[in-house]
Amino acid sequence: MTIQWFPGHMTRARREIQEKLKLIDVVIELLDARLPLSSRNPMIDEILQGKPRMIVLNKADLADPAVTEKWVTYFKNEGITAFPIDASNGTRVQDIPAQAKVLFHDKIQKQLNRGMKPRAIRGLIVGIPNVGKSTLINRLAGRNIAATGDRPGVTKGQQWIKIGTEMELLDTPGILWPKFEDQEVGYRLAVTGAIKEQVINIEDVAFFAIKYMTQYYWDTLQERFELTKKPEDLDVPDEIVQVMEEIGRKRGCIMSGGRVDLEKTSGVILRELRAGKMGRFSLEVPLSFML
Ligand code: GDP
């Protein structure tokens, strides 16, 4: 379920996370590898107040691997360790407890020096709706414990889930709101399904996606739908609409009278994109790599 965020929700979400932060040692900031900045909470630094953290780029199976590598370097340059994972298949999720140990190394060493047995490192996963928090918790726990669905107001007894012998994870993730500051960010989020189509017009989202794919991933788009004509001028909306219509015809999205049903076509486009059927793609590249 996608939440519509209002100032009241944001304040409450923030308060809930800050309550949880008191209990934990390490934050696992989960971002969508296809759009790490747009899927990042705009106030995250302020909210985390210097807690040790790692950035985990989820859904890396859907993202362009070359671009994901650039994001890893980008965050490294910002002083934060980042790495890609695929929570659905479990790829690299074990790097999370390993990285937690690295972040916590000094404290563990101190405990050992005092002759104490180090206690388990306590972690919290935070991220925007739909980024894969529950999937990751389940994957790390090795069984189904985290409830899926996002209800920031719901409070229930919190539990620690053991991840191996050296880490524990809070079973309820911290749910954050995405950026809302510009339309482009909204479209990117909507393409991945992080914002429901009820909020943004589905045909506009599919138009944005097709324009983007035409510009950066034309070959995969063309191959998937056996497209015949690449738009010459991406700034001419009609040319993009023609691509959408060709896709609609290929998928049988035709209204009575023979016209292409653009709404239905848009649904097909977004479903196939989100399922990775149009190949792997990233919706954002770090600015420093574009210059
Ligand atoms: P949450 O709202 O952050 O808890 O997100 P969920 O865990 O409910 O995941 C949202 C959707 O993304 C679900 O359909 C998951 O199956 C899917 N998902 C989560 N992680 C991955 C991943 O690494 N790769 C892919 N392809 N899908 C994922």
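The values are calculated or read from the model by the stated rules, or taken from the named source; none is laboratory data. In this text the structure is predicted, and so the values were computed from the model without any measurement. No Cβ is skipped: glycine too gets one built from the backbone with ideal geometry, and neighbour counts run over all protein chains shown. Areas reflect the complete protein model, heavy atoms only, side chains present, ligands, DNA and RNA absent. Shrake-Rupley method; radii C 1.70, N 1.55, O 1.52, S 1.80 Å.
Some notes on this structure:
- Qualifying positions in region 26-39 - under 8 Å from the mean Cα position of the chain (by Cα) and within 13 Å of A82 (Cα to Cα): L30, L31, D32, A33, P36
- The set of residues in region 38-55 that are hydrophobic (A, V, I, L, M, F, W, C) and out of contact with any Pro (no Cβ under 8 Å at 6 or more places or on another chain) comprises M43, I44, I47, L48, M54.
- Considering residues of region 43-63 that are open to solvent by 10 Å² or more (accessible area, probe 1.4 Å) and over 16 Å from S282 (Cβ atoms) only, the residue farthest from the ligand (Cβ to nearest atom): G50
- Among the residues of region 237-291, just one is touching a strand residue (DSSP E or B) at 6+ places or on another chain (Cβ under 8 Å) and closer than 30 Å to N58 by Cα, namely M244.
- Where a residue in region 207-227 is closer than 13 Å to R251 by Cβ and free of Cβ contacts under 8 Å to residues at least 24 places away in the same chain and its partner, wherever it lies, is open to solvent by 10 Å² or more (accessible area, probe 1.4 Å) and part of a helix (DSSP H, G or I), with Cβ under 6 Å and at least six apart: L227/E246
- Conditions (1) open to solvent by 70 Å² or more (accessible area, probe 1.4 Å); (2) closer than 30 Å to Y216 by Cα; number of the one not met by A66: (1)
Yes or no, residue by residue, for (1) of a type in the set (K, R); (2) open to solvent by 80 Å² or more (accessible area, probe 1.4 Å); (3) within 14 Å of Y217 (Cα to Cα); (4) within 16 Å of the ligand (Cβ to nearest atom):
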site	(1), (2), (3), (4)
E232	no, yes, no, no
V236	no, no, no, no
G248	no, no, no, no
C253	no, no, no, no
G258	no, no, no, no
K277	yes, yes, yes, yes
S282	no, no, yes, yes
V285	no, no, yes, no
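- Of residues in region 1-47 being among the aliphatic types (A, V, I, L, M) and assigned to a loop (DSSP other than H, G, I, E, B), the one nearest to V93 (Cα to Cα): A33
- Residue satisfying condition, being in a helix (DSSP H, G or I), open to solvent by 80 Å² or more (accessible area, probe 1.4 Å) and touching a residue at least 24 places away in the same chain (Cβ under 8 Å), within set E181, E203, E272, E263: E263
- Look at region 10-37: where a residue is more than 14 Å from P173 (Cα to Cα) and a partner is part of a helix (DSSP H, G or I) and of a type in the set (S, T, N, Q), sitting 6+ places away or on another chain with Cβ atoms under 8 Å, you get D32/T192; A33/T68; R34/T192; L35/T192.
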